[in-house]
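Colleague: For reference, the structure I am asking about is given below.
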Amino acid sequence: MEIKNRSIPICVILSIVTLGIYALYWLAKLTDETNALAPGNATTSGGKAVLLCIVTLGIYSIYWNYKLGAKVDEMKGTDGNTGVMYLIIGLIGLSIINFCLAQSELNKRADA
């Protein structure tokens with residue numbers, strides 16, 4: 001799978017301007033690309049993750065944030081607590097920060 005280098009400021013602006021619709025697309029892409037780079041912590045596909053977030057009214061996103069952090073740890077080759085940090089950030093309603101942090105790591109992999 002090809003990892004695409006995305007501009008983080010443009011992704012945030014598009015997420016705001018489209019009232020979250022682009023954020024759902026971004027969530028799907030983040031899920032698929034992190035699953036490809038961190039198979040040990042792989043979760044469901046991007047489309048299913050978006051569907052589960054919608055159907056559970058955001059409850060699945062709590063788990064998704066934690067797993068995203070675990071996948072970032074696996075990509076970095078560390079055994080840190082990034083999953084817990086992402087979980088806390090998500091619980092206070094700032095999941096967009098997690099999107100940005102994970103995209104930053106994916107951009108590093110795309111450039112390599």
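The values are calculated or read from the model by the stated rules, or taken from the named source; none is laboratory data. Just so we're clear, the structure is a prediction, and the values are computed from it rather than from any experiment. Because the Cβ atoms are built from the backbone with ideal geometry, glycine has one as well, and the counts that use them run over all protein chains shown.
Colleague: Would you pick out the residues in the stretch 91-104 that are crowded, with 17+ Cβ neighbours inside 10 Å and within 19 Å of MET1 (Cβ to Cβ)?
Modeller: Within the stretch 91-104, PHE99, ALA102, GLN103 qualify.
Colleague: Would you pick out the residues in the stretch 61-92 that are modelled with pLDDT under 95 and assigned to a loop (DSSP other than H, G, I, E, B)?
Modeller: Once the filter is applied, which keeps residues that are modelled with pLDDT under 95 and assigned to a loop (DSSP other than H, G, I, E, B), the stretch 61-92 yields GLY77, THR78, ASP79, GLY80, ASN81.
Colleague: Follow-up question, since we're still on this one. Starting from the stretch 25-52, keep only residues that are surrounded by 16 or more Cβ atoms within 10 Å (Cβ to Cβ), then list their pairs with residues that are among the acidic types (Asp, Glu) and assigned to a helix (DSSP H, G or I) whose Cβ atoms are within a distance under 6 Å, requiring at least 6 positions of separation or different chains.
Modeller: ALA38/GLU74; ASN41/GLU74; GLY46/ASP32
Colleague: How many of the residues making up the stretch 86-106 are without any contact (Cβ under 8 Å) to a residue 60 or more places away in the chain and either touching a Leu at 6+ places or on another chain (Cβ under 8 Å) or within 20 Å of GLU33 (Cα to Cα) (or both)?
Modeller: 8
Colleague: Report whether or not ILE96 is under 11 Å from the mean Cα position of the chain (by Cα), within 17 Å of GLY20 (Cα to Cα) and assigned to a helix (DSSP H, G or I).
Modeller: Judged against the criteria, ILE96 is a match.
Colleague: Of the conditions (1) among the hydroxyl-bearing types (Ser, Thr, Tyr); (2) within 19 Å of SER104 (Cα to Cα); (3) outside any helix (DSSP H, G or I), THR44 fails just one. Which one is it?
Modeller: With respect to (1) among the hydroxyl-bearing types (Ser, Thr, Tyr); (2) within 19 Å of SER104 (Cα to Cα); (3) outside any helix (DSSP H, G or I), THR44 is out only on (2).
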